[in-house]
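The values are calculated or read from the model by the stated rules, or taken from the named source; none is laboratory data. Everything numeric in this text was worked out from a predicted model, so none of it was measured. Please note: Cβ atoms are built from the backbone with ideal geometry, for glycine as well, and neighbour counts cover all protein chains shown. Heads up: the accessible areas ignore ligands, DNA and RNA and are worked out on the full protein's heavy atoms, side chains in. Shrake-Rupley method; radii C 1.70, N 1.55, O 1.52, S 1.80 Å.
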Amino acid sequence: MSLDWQLPPQLDIPAEFVAAVRSCKPTVNGKYAAQLLWQRGIRDRDCIPGYLDCDKYQPTSPWAFGIEMTAAVERLKRAYIHGEKVAIWGDFDADGVTATSVLWDGLGQFFEREQLSYYIPDRMKESHGLNLVGIERLAAQGVNLMITCDTGSTNIKEVEYAAKLGVDVIITDHHTLPLQRPPVTAIINPRYFEPEHPLFNLAGVAVAYKLVEALYSALPDIPQQPVEYLLDLVAIGLIADLVQLRGDCRYLAQVGIKRLTLQNQADIDGFRPGIHKLLKLCKRSGDRPTDISFGIAPRINAISRIHGDASFGVELLTSQDIDRCHELAGETELANTRRKELQKNTTLKVQAKLADLDLSTTSVIVLVDSNWSPGVLGLVAGQIAQEHGKPTILLSTNSDGNLDNKQPEIARGSARSTQNIDLYQLVNSQAHLLNSFGGHPFAAGMSINLENISVFTEAINQQLQAKIGKLPPPSIAIDLIITCAELHASGGRELFEDLLLLEPYGMGNPAPKLLIRNCQFKDVKNKNIEDFKGNTVRYIRTKFEIVDATSTKGFPGIWWGHYEYEIPSVNCDAIVELDFNSYQKRFEVRLVEVRPALVSEPETLKPRFSDRQKPLKVIDFRQASIDSTLTESGSIVWVKECPSDWSELQSYCRQAILTDSKLALNYQSTNLATSREILQQLVGVAKYLAHNGKNIELERLKLKMGIGDRALRLGLDALVEIGFQISVENQTSLVTIGLLQHQKFHEVDLYSLVTVQKFFAAIEEEEFNRNYFLQVPVYAIESSSSG
């Protein structure tokens, strides 16, 4: 689904505001940063220094959590004095693993390793949150105190069970709160604050850090290492999780990234060999939030997505055994490689199921399948939600233990939101249909009996439709409109350093989306990526250079998950993000969205007329139904088929001008099949003609396929390479297709053929051009014929 592009507002930014931004870092231009801050509502000049520079921010005391923090620290002090056994109950995502690591290292300054342990549920076998079996196991090991991190707020039944077994519970969490306070020793959850409070947006890892920070201040003489040594772990969890990077959340991410950068040096105090090796493997330096979001965090998440058990992730992040860390980092890298391939394959399967849904009447997408890997469903759900602008829930059924038909079959999965829809409240309204559920407004995990899914799906769709009606189309907000010349300024550094001022980017402060108008792509090449052992992974990336009228020098870029033929050769409008490739030591853009340029074509492509008597008048009836009597009017030249290029439209324009007529556009969306479907249809027609000894006119074949001349020619070339014999009569344009002599390739291999790739590229380009002529403004057509 194409996104609605929202252009940045036209705002007059006071010069003194720009000067205030520039004063924070005199070496930068400041105008881009000022525009972003102003657009995002940060307009108080007194707040700018603390927002842009973490050294000028005043962090909030951990004691702001009040009596809950006091109770938690007092209970920990008692456990320390009496030598009690303490267990950390973590979670399997990056926030949970880093939060567990923070408590493991932080509490490890107070408790001997024999006293301290951690438990992380298996992603494949258990859900998020506490469970009775795990609690019973910890109690049997003599645990007296359990501290949760990134989980536990809604586990009332499990907390009560722990109390019966003599286990006290301290909850540190950031997920949505239950209506009543759980019966625990303490619950430290920033959701108790007002949304404007600087601690409100803390992720689970940051809440765990605040508990350790408070314990450090209560028992300052015991720790042997500064609490700040934990900040690199905090930054990883914060950037990885879906939280608003504001207030203390932003501050902790800033100082944590500074700490993470030091992990490139093996001789620092507080060195973490596991993180050092991860940075090497993902070819990152650790000084950018993208080094976490695209480097470290996906690898930590991949551990449980592939293995289920994320426990060795804590060992990787906290162990001082260099050889062991290198071994675990290698396993993590391979897991991430497998995750990419699994995510791609699952996405294709989900998209195939989407074809059976009527998305026009669907507000919440709910899909279930027995063959989907539960480890990547959250990633795929997020992708589908963004593409279609609808909250998405993907579930995978399990068959373990259900062969006797005594237990209901259970589906487990993940949900992701979009368009600021509160997913937690939406799903929680049907909690009576769920076995377990937890999360926050943007993301959640759940389990449900298979027999309840249809009722659940209908109920949440009805509720969302009743609340907000028809969902608006998905959109993407553009922050800045730039040129390639601006990208090249100071070797790319001028714009980049302005944008760098606002880092870290994340929820509430998204990475700036830059619009480049009327640009072109050159030197486009795609290839599969390789893992660190040199093995090819079925996960594609396309590299290119982008140019426009302001600069003929190409600026490097990359488009993840897309093929070369998906980049059109016509002029485009492109949305990109600017980044620095620390491995190749260069600035580059990441392509986000691309569409036909909504400005007139370059001079070489414009139709020009010197023989007209007066300006061309164009009437727009696109996507409209017109009375047949009107179409017979002699004073109007009708364009009833969507043009595929300017030259095709030029003939209609010339006819209208020469006959002193108006030009009427009356064509609709072509709704072409996919490239693969067209290829399959072409092969089917070829087989039919070959086996029956028949021929077909080129024009008829072209219309049947719904493609243009160039695509058809390349399609015939592809048929030849597949194994057909093709001949075309020059005078009659009859196509004769001989019997299939032999099949050179199995069907699954057809798509790798060079001729097939060119055929696909031609189809994509024609469809791209048709979309352009479905949207091109009337004034652009009129002005194109006025030169």
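Nearest 5 percent is fine: what portion of the DSSP beta bridges confined to the chain is antiparallel?
Among the beta bridges of the chain, antiparallel pairing accounts for roughly 60 percent.
Taking the Cα-to-Cβ direction at A140 and at L354 and moving 7 Å from each Cα, how far apart do the two end points lie in nm?
4.5 nm
Answer with one residue from C519, A240, V685: the one whose Cα lies farthest towards the positive end of the charge dipole of the chain, charges on Cβ with Lys, Arg +1 and Asp, Glu -1.
Most positive-ward Cα: V685.
How much area per residue is accessible in segment 331-472 when the probe is 1.4 Å and only protein heavy atoms are counted (Å²)?
In whole numbers, segment 331-472 has 44 Å² accessible per residue.
Calculate the dipole size of segment 54-112 relative to its Cα centre from +1 charges on Lys and Arg beta carbons and -1 charges on Asp and Glu beta carbons; express the result in debye to the nearest 20.
280 debye
Keeping all protein chains in place, calculate the accessible area per residue for segment 687-731 (probe 1.4 angstrom), answer in Å².
61 Å²
In nm, to one decimal, how far is the I13 label point from the I222 one, both placed 7 Å along Cα→Cβ?
4.9 nm
Give me the net charge for the shell around L116: Cβ to Cβ below 14 angstrom, other residues only, Lys and Arg +1, Asp and Glu -1.
Once all neighbours under 14 Å are counted, the net charge is -3.
Out of [x] 0.98; [y] 1.02; [z] 1.10, which label holds the value of Rg/Rh (Cα atoms, Kirkwood Rh) that was computed here?
Only one listed value fits the structure, namely [y].
What do you get for trypsin sites (Lys or Arg not before Pro) in segment 460-525 restricted to DSSP loop and a cutoff of at most 12 other Cβ within 10 Å of the site's Cβ?
K470
In degrees between 0 and 90, to the nearest 10, how far off the longest principal axis of the chain does helix 646-658 point, with axes built from Cα atoms?
50 degrees
Using +1 on the beta carbon of Lys and Arg, -1 on that of Asp and Glu, and nothing else charged, what's the dipole of segment 144-290 about the Cα centre, debye to 20?
Roughly 540 debye, rounded to the nearest 20.
Could you please state how large a percent of the accessible area of segment 296-428 is carbon and sulfur, counting protein chains only and using a 1.4 Å probe?
Its accessible area is 45 percent carbon and sulfur atoms.
When the solvent-accessible surface of protein heavy atoms is calculated with a 1.4 angstrom probe, in what order do H488, H82 fall, highest first? Intermediate values should be presented prior to the final figure.
Details: H488 45, H82 130 Å².
Ranking H488, H82 by accessible area, largest first, yields H82, H488.
Residue farthest toward the positive end of the dipole of the chain, with Cβ of Lys/Arg at +1 and Asp/Glu at -1: which of I448, Q655, F587?
Q655
Relative to the first principal axis of the alpha-carbon coordinates of the chain, what is the inclination of helix 709-722, with its axis defined by its Cα atoms, in degrees from 0 to 90 and to the nearest 10?
Helix 709-722 sits at roughly 70 degrees to that axis.
Answer rounded, prolate or oblate for segment 209-289, using the Cα gyration tensor with square roots of eigenvalues a ≥ b ≥ c: rounded when a/c is under 1.5, else prolate when a/b is larger than b/c, else oblate. The partial results should precede the final answer.
Values: a/c = 2.57, a/b = 1.22, b/c = 2.11.
It is oblate, given that a/c is not under 1.5 and a/b is not larger than b/c.
Pairs of alpha-carbon atoms within less than 8 angstrom and 6+ residues apart define the contacts here; what relative contact order does segment 246-327 have, in percent?
31 percent
Let me know the charge dipole size of the chain about its Cα centre in debye, to the nearest 20, where only the beta-carbon of Lys, Arg (+1) and Asp, Glu (-1) is charged. Walk me through the numbers before you get to the answer.
Numbers: 80 positive and 96 negative charges, 216 e Å.
I would put it at about 1040 debye.
For n ≥ 4 DSSP H runs only, could you compute -39500 (n - 2.57) per run for the chain, divide by its residues and tell me the 222 nm figure to the nearest 500?
-12000 deg cm²/dmol
So if R0 is 60 Å, what FRET efficiency would E160 and T550 give, r being the distance between their Cβ atoms, rounded to the nearest 0.05?
Rounded to the nearest 0.05, the efficiency is 0.35.
Quote the FRET efficiency, to the nearest 0.05, computed for E729 versus L658 with a Förster distance R0 of 41 Å and r equal to the Cβ-Cβ distance.
0.75
Sort segment 249-347 into rounded, prolate or oblate with this rule: let a ≥ b ≥ c be the square roots of the eigenvalues of the Cα gyration tensor; rounded if a/c is under 1.5, and if a/c is not under 1.5, prolate when a/b is larger than b/c, oblate otherwise.
Oblate.
Of all accessible surface on segment 26-172 at a 1.4 Å probe, what whole percent is carbon and sulfur?
With neighbouring chains kept in place, the figure for segment 26-172 is 50 percent.
Apply 1/(1 + (r/R0)^6) to the Cβ-Cβ distance of T27 and C47, taking R0 = 25 Å, and write down the FRET efficiency to the nearest 0.05.
Working from the Cβ atoms, E equals 0.70.
Decide, for segment 285-339, between rounded, prolate and oblate: order the square roots of the alpha carbon gyration tensor eigenvalues as a ≥ b ≥ c, take rounded if a/c falls under 1.5, and otherwise choose prolate if a/b is larger than b/c, else oblate.
oblate
Give the residue from C642, V133, P289 lying farthest towards the positive end of the charge dipole for the chain; charges sit on Cβ (+1 for Lys and Arg, -1 for Asp and Glu) and the dipole is referred to the Cα centre.
C642
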